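Below are the structure tokens for one structure; questions will follow.
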Amino acid sequence: MRKLSVIFGLSGFTLSQKEKDFFQEVNPWAFILFKRNVFNKEQLYRLTSDLRQALGRNCLIFIDQEGGRVQRLNSPNWPKYPSGSFYNDLYSINKALALRSAYSAFRMIADDLRECGITANCAPVLDIPVEGADPIISDRAYGQNASQVIDIANAVMAGLMSGGVVPVIKHIPGHGRANVDSHKELPKIPSKLKTLRNSDFLPFKSLKEAPIAMTAHAVYECSSKLPLTVSKKSFEGLVRKEIGYNGLVMSDDLDMRALSGDLTKRTIASLNAGCDIALQCSGNLEAMNKVAKGAKTLEGISLYRATVADYCSDIFDCIDREVLKNELNSSIVFHQKYF
């Protein structure tokens, strides 16, 4: 059966009959969950099972579980994990400890997610914030130095993938210079291509073997006057050629105000620009119908990329969680002592 080139959210703690009927009809490639979908571990496992049963296949289910202020699974049912800035701080005085802490945290995050049927995480963040940029990235970043961001992001990816959770590098080709929050407005990045090559693009080039990347809804004025997500010129020139990323690319949420036009037009524009998958998160059934009208069957190179991403969740190693927990707690105590 054909798969639609979309990732959809849903409205609540359970899969409604209308949602089930819609998902069975359009067969989206995957799903994404948010806090509105999470009550406890037992409920979440039932929900992910119901989503897969509705499609009749073992689809990927995504979530944003970065740690810090972007963490959909929270206490009391799940541990609170550090933000990106935690690893940045540790790296400044003990590189080995920072990398081990990043691995340990995200290996445990992978364990948390798999236990509830979630198999893809929208992390690591590869954006490098600059002075004066909008704070939407800020403490989510692993530093302001490309080589440091690369080191920590590699540890994050290793932790997720060894736990059978597919990582998503974001926000390609770099959101750290954004002057506004793309959830609210369209960021415009006036920097010259040479500047971006020597900084923002470097983490994405280094991690270009990652199975999935998420776009930045931003205008890169060195390339186009349109947001990269809907600009074939920027997408092909910066993502595929300049960075050399050949994996699956999913758009950031099409509901965000950085984009214009109705959802059908946004979907068509993002897929025509080069995105393999359109992401729409609201869980609103009317909105999902509009996206489905603009989406297309997943086929060709996009289907191949999606299949590779699916395979990345199939293998995982067992862990001694208590050992990793103690390691991370020791790092947190160390951090508190120095920061």
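The values are calculated or read from the model by the stated rules, or taken from the named source; none is laboratory data. Treat the numbers as computed from the prediction; the structure is a model and nothing was measured. No Cβ is skipped: glycine too gets one built from the backbone with ideal geometry, and neighbour counts run over all protein chains shown.
One line per residue, one yes/no per condition, for (1) touching a residue at least 40 places away in the same chain (Cβ under 8 Å); (2) farther than 25 Å from N198 by Cα; (3) of a type in the set (S, T, N, Q):
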| site | (1), (2), (3) |
| --- | --- |
| S75 | no, yes, yes |
| W78 | no, yes, no |
| G84 | yes, no, no |
| A105 | yes, yes, no |
| G132 | yes, no, no |
| G143 | yes, no, no |
| A146 | yes, no, no |
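Any residue that is in a loop (DSSP other than H, G, I, E, B), of a type in the set (K, R) and more than 19 Å from F334 (Cβ to Cβ) - is there at least one of those in segment 169-180? Full working, then the answer.
Kept after step one, since they are in a loop (DSSP other than H, G, I, E, B), are these residues of segment 169-180: 173-180.
With the extra rule that they be of a type in the set (K, R), the set shrinks to 177.
Next cut, more than 19 Å from F334 (Cβ to Cβ) only: 177.
Scanning segment 169-180, I find at least one residue that is in a loop (DSSP other than H, G, I, E, B), of a type in the set (K, R) and more than 19 Å from F334 (Cβ to Cβ), so the answer is yes.
Quick check, is S182 closer than 21 Å to V230 by Cβ and more than 19 Å from the chain's Cα centre (by Cα)? Steps first, please.
Values: closer than 21 Å to V230 by Cβ: yes; more than 19 Å from the chain's Cα centre (by Cα): no.
Against the criterion (closer than 21 Å to V230 by Cβ and more than 19 Å from the chain's Cα centre (by Cα)), S182 does not qualify.
Could you grab the pairs with beta carbons closer than 9 Å, sequence gap of 6+ or different chains, first residue in segment 218-244 and in contact (Cβ under 8 Å) with a residue 60 or more places away in the chain, second one among the aromatic types (F, W, Y)?
Taking only residues 6 or more apart or on different chains, the pairs are L238/F201; L238/Y220; V239/F204; V239/Y245; E242/F201; I243/F201; I243/F204.
If you check D320 against the conditions, is it among the acidic types (D, E) and surrounded by 19 or more Cβ atoms within 10 Å (Cβ to Cβ)? Give the steps one after another, and end with the answer.
Details: among the acidic types (D, E): yes; surrounded by 19 or more Cβ atoms within 10 Å (Cβ to Cβ): no.
Considered against the rule, which asks whether it is among the acidic types (D, E) and surrounded by 19 or more Cβ atoms within 10 Å (Cβ to Cβ), D320 comes out as no.
If we keep just the residues of segment 169-192 that are closer than 19 Å to D139 by Cβ and among the hydrophobic types (A, V, I, L, M, F, W, C), which is surrounded by the fewest Cβ atoms within 10 Å (Cβ to Cβ)?
Ranking the qualifying residues of segment 169-192, first place goes to V180.
Here's the yes/no breakdown for (1) modelled with pLDDT of 95 or more; (2) touching a Phe, Trp or Tyr at 6+ places or on another chain (Cβ under 7 Å); (3) within 20 Å of F316 (Cβ to Cβ):
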{"residue": "A120", "(1), (2), (3)": "yes, yes, yes"}
{"residue": "G143", "(1), (2), (3)": "yes, yes, no"}
{"residue": "V149", "(1), (2), (3)": "yes, yes, no"}
{"residue": "L160", "(1), (2), (3)": "yes, yes, yes"}
{"residue": "P173", "(1), (2), (3)": "yes, yes, no"}
{"residue": "K188", "(1), (2), (3)": "yes, no, no"}
{"residue": "K192", "(1), (2), (3)": "yes, no, no"}
{"residue": "S199", "(1), (2), (3)": "yes, no, no"}
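State whether the residues of segment 88-101 include one that is touching a residue at least 24 places away in the same chain (Cβ under 8 Å), buried (at least 22 other Cβ atoms within 10 Å of the Cβ) and in contact with a strand residue (DSSP E or B) (Cβ under 8 Å, 6 or more places away or on another chain). Break it down into steps so the answer makes sense when it comes.
Taking segment 88-101 as the starting set, the residues that turn out to be touching a residue at least 24 places away in the same chain (Cβ under 8 Å) are 88-91, 93-95, 97-101.
Then drop every residue that is not buried (at least 22 other Cβ atoms within 10 Å of the Cβ), which leaves 90-91, 98, 101.
Filter once more, so that each one left must be in contact with a strand residue (DSSP E or B) (Cβ under 8 Å, 6 or more places away or on another chain): none.
No: zero hits.
If we keep just the residues of segment 80-112 that are touching a Leu at 6+ places or on another chain (Cβ under 9 Å) and part of a loop (DSSP other than H, G, I, E, B), which is farthest from I319 (Cα to Cα)?
Across segment 80-112, the extreme among qualifying residues is P82.
Which one of these is of a type in the set (K, R), on the phi < 0 side of the Ramachandran plot and not in a loop (DSSP other than H, G, I, E, B): R57, R46?
It is R46.
Quick test of your reading of the structure: V166 fulfils all but one of (1) farther than 30 Å from I319 by Cβ; (2) touching a Cys at 6+ places or on another chain (Cβ under 6 Å). Name the failing condition by number.
(1)
With (1) buried (at least 23 other Cβ atoms within 10 Å of the Cβ); (2) in contact with a helix residue (DSSP H, G or I) (Cβ under 8 Å, 6 or more places away or on another chain) as the list, and G68 as the residue in question, which single condition is left unmet?
(1)
Follow-up question, since we're still on this one. Just one of (1) in a helix (DSSP H, G or I); (2) in contact (Cβ under 8 Å) with a residue 24 or more places away in the chain trips up K194, so point out which.
Checking K194 against (1) in a helix (DSSP H, G or I); (2) in contact (Cβ under 8 Å) with a residue 24 or more places away in the chain, the one that fails is (2).
Hey, can you tell me all the residues within segment 63-93 that are in contact with a Ser or Thr (Cβ under 7 Å, 6 or more places away or on another chain) and at pLDDT below 95? I'd like the intermediate steps shown before the answer.
Initial filter on segment 63-93 (in contact with a Ser or Thr (Cβ under 7 Å, 6 or more places away or on another chain)): 67-69, 87, 90.
Within segment 63-93, no residue meets the criteria.
Taking S234 as meeting all but one of (1) surrounded by fewer than 21 Cβ atoms within 10 Å (Cβ to Cβ); (2) among the polar types (S, T, N, Q); (3) under 19 Å from A213 (Cα atoms); (4) touching a Phe, Trp or Tyr at 6+ places or on another chain (Cβ under 9 Å), write down the number of the exception.
(1)
Can you give me the number of residues within segment 261-287 that are crowded, with 18+ Cβ neighbours inside 10 Å, among the small types (G, A, S) and over 19 Å from I32 (Cα atoms)? Quick ask: steps written out before the conclusion?
Quick first cut of segment 261-287, residues crowded, with 18+ Cβ neighbours inside 10 Å only: 263, 266-271, 273-283, 287.
Checking the rest, the ones that are also among the small types (G, A, S) come to 269-270, 273-274, 278, 282-283, 287.
Now restrict to residues that are over 19 Å from I32 (Cα atoms): 269, 273-274.
Adding up the residues that qualify gives 3.
Still on this structure, please answer the following. Any chance you could count how many residues in segment 244-271 are farther than 22 Å from A292 by Cβ and more than 18 Å from the chain's Cα centre (by Cα)?
1
Let me ask something additional. Would you say S104 is of a type outside the set (K, R) and surrounded by fewer than 18 Cβ atoms within 10 Å (Cβ to Cβ)?
On the way: of a type outside the set (K, R): yes; surrounded by fewer than 18 Cβ atoms within 10 Å (Cβ to Cβ): no.
Against the criterion (of a type outside the set (K, R) and surrounded by fewer than 18 Cβ atoms within 10 Å (Cβ to Cβ)), S104 does not qualify.
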